[in-house]
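Bear in mind these aren't lab numbers, they're just calculated from the coordinates by the rules spelled out. Note that the coordinates shown come from a computational prediction; the quantities given were computed from them, not determined experimentally. Note: ideal-geometry Cβ built from the backbone for every residue, glycine included; neighbour counts use all protein chains shown.
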Amino acid sequence: MDAILWSVSLSMLHFTLDVLVQHQYAISIIWPQIIIRALQACAVFTFLIYVLHPHASSPSFVPGLPVKFQAPLRQAIFFVASICSGCYLIHISNRYGYLAVMKQSPPLGCIWVWSVIELDLLYAVLSLVCTFGFFWQGGYTIKAPY
């Protein structure tokens, strides 16, 4: 039940980001395609959340790994996912054309948000600092170049 609630919430975020990105680039919104992409995202998120989200009934998700290493491994996975998805989202938003941004931004944004939510506070802040460092070091901007 927990995986379904998480995946539906992330799918709604995906739906919203998809609509916003299409609206940003003044593309006509084709609702059936957006709904289909949101349902596909829901299926993927359900699988990922079921596997990676900690469950009280089954604290180990890697067989053979001691229980004391399960939580740090999850934190490491989400930490890397947060930094990679955030940095790549910044990169594509500044370097690629609108088609690449429209296709890749909604799922990357959802993975980034979910990864930061799953992290402990210290690691979440550290991952956001790393992403900001990538933004600053790469010379990226928030303003449009035109």
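A simple packing score, the average count of other Cβ atoms within 10 Å per residue, orders the peptides 59-68, 17-26, 77-86 as 77-86, 17-26, 59-68, with the highest score first. A quarter of the convex hull surface defined by the alpha-carbon atoms of the chain gives 9.9 nm² as the mean projection. Under 18 Å from a point placed 7 Å out from the Cα of Leu52 along the Cα-to-Cβ direction: which residues of segment 1-33 have their backbone N that close? Counting only backbone N, you get 2-15. When the alpha-carbon atoms of segment 106-146 are used, the pair Rg, Dmax equals 12.3, 39 angstrom.
If you wrap the tightest convex hull around every Cα atom of segment 76-146 and split its volume per residue, you get 79 Å³. Our summary gives the chain a relative contact order of 27 percent, counting only alpha carbon pairs under 8 angstrom and 6 or more residues apart. Fully extending the segment from Ile35 to Leu126, taken as 0.36 nm per residue of separation minus the present Cα-Cα distance, adds 29.3 nm. Extension gain for Ile92-Phe134 works out to 13.8 nm (0.36 nm per residue, less the C-alpha to C-alpha distance). Of the complete DSSP H runs in the chain, those spanning 27 angstrom or more by Cα along the long axis with a mean Kyte-Doolittle score not below 0.0 are 2-24, 31-52, 70-95, 98-118. Rg and Dmax of segment 1-72, based on Cα coordinates, read 16.6, 52 Å.
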